[in-house]
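Trainee: Have a look at this one.
Read-outs: derived from the displayed coordinates by stated rules, not from any lab. Everything numeric in this text was worked out from a predicted model, so none of it was measured. Quick reminder, even Gly has a Cβ in these numbers, built from the backbone with ideal geometry, and neighbours come from all protein chains shown.
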Amino acid sequence: MRIEPPLHWDDNNVAHIWQSHQVRPDEVEEALFGIEGEEAVYRIRRDGDAYVIYGETGDGRLLKMVGEFMRSERFRIFAAMDMDEHERRAFRKGR
């Protein structure tokens with residue numbers, strides 16, 4: 001499964017991911033869509049109605065993002081944070 005642009009951003013989710021974990025929307029978009037013509041590589045799994053996505057920004061920051069598809073079919077990120085050590089190892093191994 002691939003997440004397609006554009007993402008749904010609003011003041012609430014932008015403020016939440018910044019205030020909780022100092023993650024910017026552009027970092028999320030780099031991890032999901034790539035930068036400068038490079039295709040993004042991420043892992044995604046379903047968790048109930050939400051999706052958990054593990055990806056890497058252009059600067060090498062490893063993010064765990066949680067989001068959902070909205071009725072408009074746009075994807076909304078409602079949480080984003082740095083991966084923990086276990087998640088980083090698994091992401092690097094390609095699991």
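Trainee: State all residues of the stretch 61-95 that are loosely packed, with under 13 Cβ neighbours inside 10 Å, in contact with a Lys or Arg (Cβ under 9 Å, 6 or more places away or on another chain) and under 29 Å from ASP11 (Cα atoms); if no residue qualifies, say none.
Mentor: MET70, ASP84
Trainee: So, in the stretch 13-26, exactly how many residues are closer than 16 Å to ARG74 by Cα and surrounded by fewer than 13 Cβ atoms within 10 Å (Cβ to Cβ)?
Mentor: 0
Trainee: Find the residue count for the stretch 39-67, including only residues that are over 9 Å from the mean Cα position of the chain (by Cα) and either acidic (Asp, Glu) or farther than 15 Å from GLU29 by Cα (or both).
Mentor: 9
Trainee: Restricting attention to helices (runs of 4 or more DSSP H) lying wholly within the chain, give those where 1 or more residues are touching a residue at least 60 places away in the same chain (Cβ under 8 Å) and in contact with a helix residue (DSSP H, G or I) (Cβ under 9 Å, 6 or more places away or on another chain).
Mentor: Answer list for the chain: 11-21.
Trainee: Since ARG92 meets every condition but one in (1) more than 17 Å from MET1 (Cα to Cα); (2) in contact with a Ser or Thr (Cβ under 7 Å, 6 or more places away or on another chain), which condition does it not meet?
Mentor: Status for ARG92: all satisfied but (2).
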